[in-house]
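Have a look at the structure below, then the notes.
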Amino acid sequence: MSKKLESIYDLQWDARAIIEANAGTGKTYTIVGLFLRLLLEKDLKVDEILVVTFTNKAASELRERILESLREAKMLLNGETETEDAFLSELLEKTDDRAEAVRVINQAILNFDDSLISTIHGFCQKVLKEEALLAGSSFDAEISREDTQLEEATEDFWREFVAENSDSEIGQYKLEILYSFKRKTGYTPVHPESLKGFLNDLFKKPYAEIEGEVLEDLDGYLEDVISLKKKLLESWNENKDFIRKEFLDNDLSRFSQYAEGRIQKMDDFLNASLFENETIKELKYFKWSYVDDDSNLKKKGTKKPQYCDFFGLIDEYSDLISDIDKVKTTILLESYQRINERRIELKSDMETYSYDDLLTKLRDALTVSSNADSLARKVEEALLGCAGG
C-alpha cells in the first residue's frame, strides 16, 4: 500500500520498499538517511550495506554525501554543533545512547573505504570478480561500454539473410519485412544498426518476450499466399466484366452505388506487389460468404450476384491472409535468435563483457542451483536500494 513519506523515519524495515519521486525531490537525501538508520538501528557495518545508482558521477556524489552526513551526525551527537537538517534533528531526538551511536558512526567513518556504494554495473563486476569460480566468469574479463560482439553478430546475420533471400519472390517479401524494422517512426535508414536498435530491448532484457504467434513453416505459408494472389489476379482478369455487371444489378443494401470504386480498388490491389498490399478493407465485399448472405439484402430484395470462381477464391484468400501478421513476428524472432546465437559464439572466444553482459551474467549465476545460495546471500544481505540519477 503506497503512502506519502513525510519523514525518513516513516519508512519501516519491511522486506522491500519502493520510494518513487521526481528528479530533484530528495531521493539521494533519503538514501543517505536510510544508510545512517541502518548503521544505528540494524547494527550493520558499512560493508554490509549496498547502495547502487546509475552513473559514476551519481555514485561519487552518494559517497561524498553519506560520508559528510556521518561526520555531521557524529559532531551533532557529541554536542559539537547544531543543525537545521530535519532528518539529523530527528535522529538526535530519537537516539537514547548517544555515546554508543558516536562509536558506531566513528567506526563507519574509519572503515568507509570498505563501503559498497557504486553503479549497478560496478557492483555486478565486483561480485563476478570476487566469485569468479562460482559465477563461471573470467578473473581477467575486460569491461566495455559498447557491445561490439552484438554489432558484429548483427552485421553477420544481415549479410547472411540478404544472401539467402535475394533470388526468390518469397525471399524478397521477407527482405521487405526485415527492412521495415525501424527503431523510430519516420525516415530511418535501414541497415544492421537500425535492426539492432529495433531489437535492443530484447538484448538488454533477456527476460523480455516477443508478442504474437509464429508460423511453423514461414516459407510454405508465403508460397501459398503468393500463389493464391496470382490465382486471384488470373480469375479477376477473366471475370471482371461479369463481376461489374453483377455488382451494378442486385438488391444488396448500399452495394451498387459503391461498385465502381470497389472494383477499381480491387484492380489496384491485385496488380500491386504483395508487401504492404496483403489485404484491403474492400475485400469482404467480394467474398461469396458476404455476397450470398441474405441479411445483406435490401428490405424485400431478392436479387443477389451470381456465383463465379473469383468470389470463392476471395473467401479462401481472406482466411489465409488472417495469419499474415505472424510473418513479421516469425522473422523478428528468427532475427533475434540468430543474432544472439552468433553473439554468444563471438563472446565465447573473448574475455570482454558489456554493461548488459554484467547484469545478465550475475542473473544467470544466481539462477544456477549450485551457485545460487552463495551468490544470493552475498547480494541479499547487503541490498539497500537504488538512488535515482
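The values are calculated or read from the model by the stated rules, or taken from the named source; none is laboratory data. A quick note: this is a predicted structure, and the numbers were derived from the prediction, not measured. Glycine gets a Cβ as well: all are built from the backbone with ideal geometry, and neighbour counts include every protein chain shown. To get the accessible areas, we keep the full protein, side chains included, count just its heavy atoms, and leave off ligands, DNA and RNA. Shrake-Rupley method; radii C 1.70, N 1.55, O 1.52, S 1.80 Å.
The Rg/Rh ratio for segment 4-79, using Cα coordinates for both the radius of gyration and the Kirkwood hydrodynamic radius, is 0.95. Using θ = phi - 60° in the Karplus curve 6.51 cos²θ - 1.76 cosθ + 1.60, the 3J(HN,Hα) couplings for segment 268-273 round to 5, 4, 6, 9, 8, 5 Hz; x is entered for Gly and Pro. Of all lysines in the structure, the ones whose alpha carbon falls short of 19 Å from that of LYS126, not counting any fewer than 8 places away in one chain, are LYS45, LYS57, LYS361, LYS378. Accessible area per residue was computed with a 1.4 Å probe on protein heavy atoms; MET266 scores about 0 Å². Between PHE242 and LEU297, the simple label model (points 7 Å from Cα in the Cβ direction) yields a spacing of 2.2 nm.
The lysines whose alpha-carbon is closer than 16 Å to the alpha-carbon of LYS231, local same-chain residues fewer than 8 away aside, are LYS240, LYS287. Taking amide H as placed 1.01 Å from N in the peptide plane, LEU116 has its amide H under 5 Å from the amide H of ILE49, VAL51, each at least 5 places away in sequence or on another chain. Take the Cα of ARG159, step 7 Å toward its Cβ, do the same at ASN277, and the gap between the two points is 3.4 nm. Rounded to whole Å, give me the distance from the Cα center of segment 221-271 to that of segment 3-62. The distance from the Cα centre of segment 221-271 to that of segment 3-62 comes to 68 Å. Computed from backbone phi, the HN-Hα couplings of segment 299-309 come to 4, 6, x, 9, 8, 10, x, 7, 6, 9, 4 Hz, rounded to whole numbers (Karplus: 6.51 cos²θ - 1.76 cosθ + 1.60, θ = phi - 60°; Gly and Pro given as x). Evaluating 6.51 cos²θ - 1.76 cosθ + 1.60 at θ = phi - 60° for every residue in segment 244-255, the Karplus couplings come out as 4, 4, 5, 6, 7, 10, 7, 10, 6, 5, 6, 9 Hz, glycine and proline recorded as x.
Given a 1.4 Å probe and the protein chains as shown, ASP14 ends up with an accessible area of around 110 Å².
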